[in-house]
Every structure is written in C-alpha cells, then in structure tokens.
Amino acid sequence: MPQAHSYYCDGEWVDSDSGETFAVRNPANPDDVVAEFPKVTVEETERAIEAAVDAQEAWASTPGPERGAVLRRAAALLDERSEAVTETLTREEGKALPEARGEVGRAVDILYYYAEKARDLGGDVKASSSAETTLRTSVEPLGTVGLITPWNYPIAIPTWKLAPALAAGNTVVLKPASMAPTVARELTDCLAEAGLPDGVLNVLTGSGSVVGSTITEHEDVDAVSFTGSSSVGSQVGETAAATGKRVQLEMGGKNPTAVMPSADPAEAARIVADGAFGVTGQACTATSRAIVHTDVYDEFVDALVEEAESKELGPGLDGYGMGPQVSADERESTLDYVEVGESEGATLETGGGVPAEPRHETGHYVEPTVFSDVDSEMRIAQEEIFGPVVGVIPVGSFEEAVDVANDTEFGLAASVVTDSLGEAERFGDRVDAGVIKVNEKTTGLELHVPFGGMKASSSETYREQGDAGLDFYTTTKTRYIN
Ligand code: NAD
C-alpha cells in the first residue's frame, strides 16, 4: 500500500497545509504507487529554515566526536536496513538491484567516513612574531545550509552532502527530487533514531520552483549545494550568489571515452558499454561519446553493438540487470534524441526504440542504443541525453581525440583506453574534466577523493567528497590571543 508521507521539520514528520500531494511511481510499473508526499508551501519551507537556524548554535557547540557518533549510529542503522532500502530504491527509481545495493552501501560508508572526520576537523596553533601572542586557527561551520538534490542517486547524493555538512556543525534544509524522495525519508529516519537533535535536519518535498527557490533565496540560508541539470543549476547559482550565499553547483556531463590503436577493441567496448548503459545511462558521469581511432573503429563498433544487445532489460525487483528510465518524460526525451541523431545523419547501429518483450509493456524502457559515424558538431555529441545512448566518433590521431574530448561545454568525467603510459598522462593533462580515468569506465567514484567537474559541469570553486567535501561547509577563523 502506498504510504502518505509528511515532511520533516524540527524533529517531526508533519502534514502539510497545502492539501496537495504528489505520487512517486515505480518506473517499471507506473500503476504501482510507491508513496505519496506533500507539496510543501513557501511558509512551511520558511518555518523549516527557521527551525534549522534556531538549532544551529547548539549543534555547532556539540563536540565534533559527539556529532560523529550520531553519524556512526545512523550508518549502523542504515546498514541494518540496507536490503529494505535497496528494494525501495529500485522500486522508486528503477535501477537494477545490484546498482541500488551499491548505492545504499555507499551511503553507509559515507556516513562512517564523515563520522571519523568529525573527530578532527583541523585547526592549528602557530608561533607568533610577538612573544606575548599565540596564533590559533579553527575550522568553523557556515551556519544553515540548503541542499538540493537530483533523483538519479537519491540516497548517495543527499548523504554525500549532508554528512560533511552535519559533521562540521551546520544545520541542514534538504530538498530531495520529487521522482525519488522515499529513500531520503529512510535516511532521515536513521539520523533521527541515531539521536540527531530536533531542527538539525529538515526535509522538504515538493516543487523545485516553490521549495527549491525559497531555500535558494532565503536570507538566513548561508550556503546552497545543488546537484542537478545545468539549466536549473545556473538559475540556482545566480539567485544564491545574488543573496550572498556560498554556492556549489554540480551539473551535467557529456563524458567521453577515447579508444586508442593500442587498445583491445573488445575490452574497450566492454568499458564503454558499462559506462554508457549502467544505471540505464542516467548518471552524470555516464559515457555518452566513444572517440575511437580509425585503426580499431570497425572492430570496436561491432563489439559495442554486441555488448548493447546482450543487456537484459526488465524490472530490477525481478532480478534484471538493466532497468527502465525513471519516467515517461525522460524516456520521451531519449527517444527524441534518437530521432535527432538519425536526422543528423548518424548511423543507428542498434537499439533506438522501446523493446518489444511482454515484460517491457508497462515500464519506461529504452533499448541500449549505439550510433556510429557521429560528428562532434551533432547535437547528439553535444547535449546531455541522460539515457542509454552512446555515439561513436571516428578520429585519426591522439591529438584529434583530445580536441574532440574537449569539444563540448561540459567537463565532468573522461577516460582513455590505451597501452601507452605517455598517452594516458597527456590525456589527463590536456582534457578538461574533473575526473580522468585510464582503462576504466567514466562512471564510478571513490568516496575519499575529490569529485567535481569543470566548465559548464560545475561551479568549480569547491569539490565534493573526501577531505575536500568538508571545505564547502566550513570557514576558518584565525585567533590572535595576547
Ligand atoms: P533537475 O535540475 O531537474 O533537478 C534537481 C533538483 O533541483 C531537484 O530537487 C529539483 O526539484 C530542484 N529544482 C528544480 N527547479 C528548481 C528551482 N527553480 N530552484 C531550486 N531548485 C529547483 O535535475 P534532475 O532531473 O533531478 O537530475 C538529473 C541531472 O542531474 C542531470 O543533468 C545530471 O547530469 C545531473 N547530475 C549531476 C551530478 C554531478 O555530480 N555533477 C550528479 C547526478 C546528477
């Protein structure tokens, strides 16, 4: 039975006065309503911000190790519930069970990681040029932060934002994406049961233009960390900066894998297929361009088609390896791009449509799709598709591969498949992307190293994850003590 969920304000799940709700539906079977959530109003958002502001001083004065202990207990609770949360994630967002299990496990690990970081946030004592003075630096929280997150990693992304924010002593107002807010609720329950004080975390569901905008504009919110599309992100960035907030924006990608003549074409095709069709192509770091040297081009395209046609699409809850797209609109958008690719003159090698098996009748499935003969100027080589579509672009040299890799507005992740250490290093030096991989797919991140993009993929000023993930949520005071 679908559950009518409320929103979380000042330590309580409360019903919204708006009287309006939205349904979260299973993308593999849209008749299956996973949950209902309220559309929170401007006034309710403001009340939650007020609760966060009121709770901030006490939370910041709580010793770091105690804040960390709350995160550690929440990690243990989420770990205990991980199978149930995994199923909810697959049911509301559509990704295959092993992918959902990996994401929930990642959220657990992130909570443990920042629980440890809270023990020692930094700060230093230095000698002064005056014998009577001691110099001390301390790492301080910013205050109250707004977190706005997308649907495609609906538990990992909220966790990688709120864990460092809370570890550092900030209070939080979180706005999860409407397509998949149920796992954010489960995460909130773990934190509440772990002893997070009232008001320290508040979770508001509803429309981006109401809840998201109110957070972005509100004068008592000190910083906004946003992950989502470039179009919404640039708007959020402008508004947040105009109201004097610190802003972090992580946005779209058009991630390339370059395949050099020394690569084994079959192995390169496996790497590209994993990056392009994993999580149904709905990752910001998904591989959407294969830039392939003509020496290995024909063999590579054949092998990639074979990889694409080997994928078994179906409901994740029934054990299939590749799930549907998250919504009918997302599927339409992908199918529109297939038409664009064909009209631009690219060769549709495989896929491009809705699969015909009976198990696909109800869900938002799209076949894994490979275009060859793609030119870098085509829209399918320039715009983020956010579905299981990859375009193969032929190039005649390493230099040309680098130029094509850089030939979009985005700069999130990029990889190269080569046996040459020199090529691998030069690719990393010259390609403008925040994540560079060698002989690996563009997707997949480790939690203890910085993550973020360049160019239109990111605001670039701050990175997420690892030690760098704390920088956004903190500032430094230098005390001269005479
Ligand atoms: P989206 O931009 O549509 O929405 C993101 C969030 O912003 C949602 O919570 C939404 O409700 C909110 N929002 C919408 N309008 C708003 C407004 N006017 N003011 C404030 N908030 C508003 O993105 P999406 O469809 O949920 O996610 C997919 C996108 O996210 C893709 O472009 C993908 O590349 C990107 N993404 C980037 C990263 C990264 O780290 N770079 C990671 C995952 C996803």
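The values are calculated or read from the model by the stated rules, or taken from the named source; none is laboratory data. Just so we're clear, the structure is a prediction, and the values are computed from it rather than from any experiment. We place every Cβ from the backbone using ideal geometry, glycine too, and count neighbours over all the protein chains shown. All accessible areas refer to the heavy atoms of the entire protein, side chains included, with ligands and DNA or RNA removed. Shrake-Rupley method; radii C 1.70, N 1.55, O 1.52, S 1.80 Å.
Could you please let me know if residue 167 is touching a Phe, Trp or Tyr at 6+ places or on another chain (Cβ under 7 Å) and within 14 Å of the ligand (Cβ to nearest atom)?
Considered against the rule, which asks whether it is touching a Phe, Trp or Tyr at 6+ places or on another chain (Cβ under 7 Å) and within 14 Å of the ligand (Cβ to nearest atom), residue 167 comes out as no.
Do any strands (runs of 3 or more DSSP E) entirely within the range 331-420 hold 2 or more residues that are open to solvent by less than 20 Å² (accessible area, probe 1.4 Å), and if so, which? Lay out the reasoning, then the answer.
Working: elements: 347-350, 369-372, 389-395, 413-417.
Hits in the range 331-420: 369-372, 389-395, 413-417.
Of all residues in the range 289-319 being surrounded by 20 or more Cβ atoms within 10 Å (Cβ to Cβ) and assigned to a loop (DSSP other than H, G, I, E, B), which is farthest from the chain's Cα centre (by Cα)?
Result: 296.
Could you tell me whether residue 474 is open to solvent by 50 Å² or more (accessible area, probe 1.4 Å) and farther than 30 Å from residue 262 by Cα? Step through it out loud before you land on a result.
Numbers: open to solvent by 50 Å² or more (accessible area, probe 1.4 Å): no; farther than 30 Å from residue 262 by Cα: yes.
For residue 474, the condition - open to solvent by 50 Å² or more (accessible area, probe 1.4 Å) and farther than 30 Å from residue 262 by Cα - is not met.
Every residue, every condition in (1) closer than 30 Å to residue 280 by Cβ; (2) in a loop (DSSP other than H, G, I, E, B); (3) at pLDDT below 95; (4) of a type in the set (Val, Ile, Thr), yes or no:
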position	(1), (2), (3), (4)
119	no, yes, no, no
122	no, yes, yes, no
138	no, no, no, no
146	yes, no, no, no
157	yes, no, no, yes
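Restricting to the range 456-471, what's the tally of residues that are among the charged types (D, E, K, R) and away from the ligand (no atom under 13 Å from the Cβ)?
2
Scan the range 194-213 and report the pairs whose first residue is within 12 Å of the ligand (Cβ to nearest atom) and whose second residue is open to solvent by less than 40 Å² (accessible area, probe 1.4 Å) and among the acidic types (Asp, Glu), with Cβ atoms within less than 8 Å and a gap of 6+ or a chain change.
204/44
Tell me yes or no: at least one residue of the range 309-320 is within 22 Å of residue 445 (Cβ to Cβ) and in contact (Cβ under 8 Å) with a residue 60 or more places away in the chain.
yes
Within the range 30-45, can you find the residues that are surrounded by 14 or more Cβ atoms within 10 Å (Cβ to Cβ) and out of contact with any Pro (no Cβ under 7 Å at 6 or more places or on another chain)?
Within the range 30-45, 30, 32, 38, 39, 40, 41, 42, 44, 45 qualify.
Return the only residue of 447, 470 being farther than 30 Å from residue 329 by Cβ, in contact with an Asp or Glu (Cβ under 8 Å, 6 or more places away or on another chain) and in contact (Cβ under 8 Å) with a residue 40 or more places away in the chain.
Checking each option against the conditions leaves just 447.
Residues that are more than 20 Å from the chain's Cα centre (by Cα) and over 23 Å from residue 20 (Cβ atoms): does the range 157-164 have at least one?
No: zero hits.
Of all residues being hydrophobic (A, V, I, L, M, F, W, C) and more than 15 Å from the ligand (Cβ to nearest atom) in the range 382-400, which is nearest to residue 293 (Cα to Cα)? Just the residue, please. It would help to see each step written out before you state the result.
We begin by selecting, within the range 382-400, every residue hydrophobic (A, V, I, L, M, F, W, C); these are 385-386, 389-390, 392-393, 395, 398.
Filter once more, keeping what is more than 15 Å from the ligand (Cβ to nearest atom): 390, 392-393, 395, 398.
Working: 390: 16, 392: 10, 393: 9, 395: 5, 398: 8 Å.
Looking at the filtered set, the residue picked out is 395.
Is it the case, given these coordinates, that residue 120 is away from the ligand (no atom under 16 Å from the Cβ), open to solvent by 50 Å² or more (accessible area, probe 1.4 Å) and in contact (Cβ under 8 Å) with a residue 24 or more places away in the chain?
yes
Are any residues in the range 425-475 under 19 Å from residue 230 (Cα atoms), out of contact with any Pro (no Cβ under 9 Å at 6 or more places or on another chain) and of a type in the set (D, E, K, R), and if so, which ones?
432, 455, 460
Determine, yes or no, whether residue 286 is surrounded by 24 or more Cβ atoms within 10 Å (Cβ to Cβ) and within 16 Å of the ligand (Cβ to nearest atom).
The answer is yes for residue 286.
Give the residues of the range 46-69 that are open to solvent by 10 Å² or more (accessible area, probe 1.4 Å), farther than 29 Å from residue 217 by Cβ and part of a helix (DSSP H, G or I), sorted by residue number.
Selection gives 64, 65, 66, 69.
Residues that are over 30 Å from residue 297 (Cβ atoms), at least 1 per element: which helices (runs of 4 or more DSSP H) completely within the range 163-281 meet that?
Result: 182-193, 213-217, 230-242.
Looking at the structure I just gave you, is residue 151 in contact with a strand residue (DSSP E or B) (Cβ under 9 Å, 6 or more places away or on another chain), under 22 Å from residue 85 (Cα atoms) and among the aromatic types (Phe, Trp, Tyr)?
So residue 151 does not fit the description; no.
Starting from residues that are among the aliphatic types (A, V, I, L, M) and within 16 Å of residue 185 (Cα to Cα), keep the ones in the range 1-29 and report whichever is most open to solvent (accessible area, probe 1.4 Å). Quick ask: steps written out before the conclusion?
Applying the first criterion (among the aliphatic types (A, V, I, L, M)) to the range 1-29 yields 1, 4, 14, 23-24, 28.
Subsequent filtering for residues that are within 16 Å of residue 185 (Cα to Cα) retains 4, 14, 23-24.
Working: 4: 90, 14: 41, 23: 44, 24: 2 Å².
Looking at residues that are among the aliphatic types (A, V, I, L, M) and within 16 Å of residue 185 (Cα to Cα), I get 4.
Give the range 229-248 a look and list any residue that's within 19 Å of residue 160 (Cα to Cα), within 7 Å of the ligand (Cβ to nearest atom) and open to solvent by less than 20 Å² (accessible area, probe 1.4 Å), or say none.
Answer for the range 229-248, where residues must be within 19 Å of residue 160 (Cα to Cα), within 7 Å of the ligand (Cβ to nearest atom) and open to solvent by less than 20 Å² (accessible area, probe 1.4 Å): just 233.
Could you look through the range 433-457, keep only residues that are in a loop (DSSP other than H, G, I, E, B) and open to solvent by 60 Å² or more (accessible area, probe 1.4 Å), and pick out the one that is farthest from residue 258 (Cα to Cα)?
First, pick out the residues of the range 433-457 that are in a loop (DSSP other than H, G, I, E, B): 433-434, 439-450, 452-453, 456-457.
So of that shortlist, the ones also open to solvent by 60 Å² or more (accessible area, probe 1.4 Å) come out as 439-441, 446, 448-450.
Details: 439: 10, 440: 11, 441: 11, 446: 22, 448: 26, 449: 23, 450: 23 Å.
Restricting to residues being in a loop (DSSP other than H, G, I, E, B) and open to solvent by 60 Å² or more (accessible area, probe 1.4 Å), the top hit is 448.
Which condition number does residue 460 fail, the rest of (1) under 24 Å from the mean Cα position of the chain (by Cα); (2) surrounded by 20 or more Cβ atoms within 10 Å (Cβ to Cβ) being met?
The one condition residue 460 does not meet is (2).
Looking at 407, 403, 432, which one is acidic (Asp, Glu), within 16 Å of the ligand (Cβ to nearest atom) and free of Cβ contacts under 8 Å to residues at least 60 places away in the same chain? Can you show your working first?
On the way: 407 fails: within 16 Å of the ligand (Cβ to nearest atom); 403 fails: within 16 Å of the ligand (Cβ to nearest atom).
Matching residue, one of 407, 403, 432: 432.
Considering only the range 139-157, state which residues are of a type in the set (A, V, I, L, M, F, W, C) and closer than 17 Å to residue 188 by Cβ.
145, 147, 148, 151, 155, 156, 157
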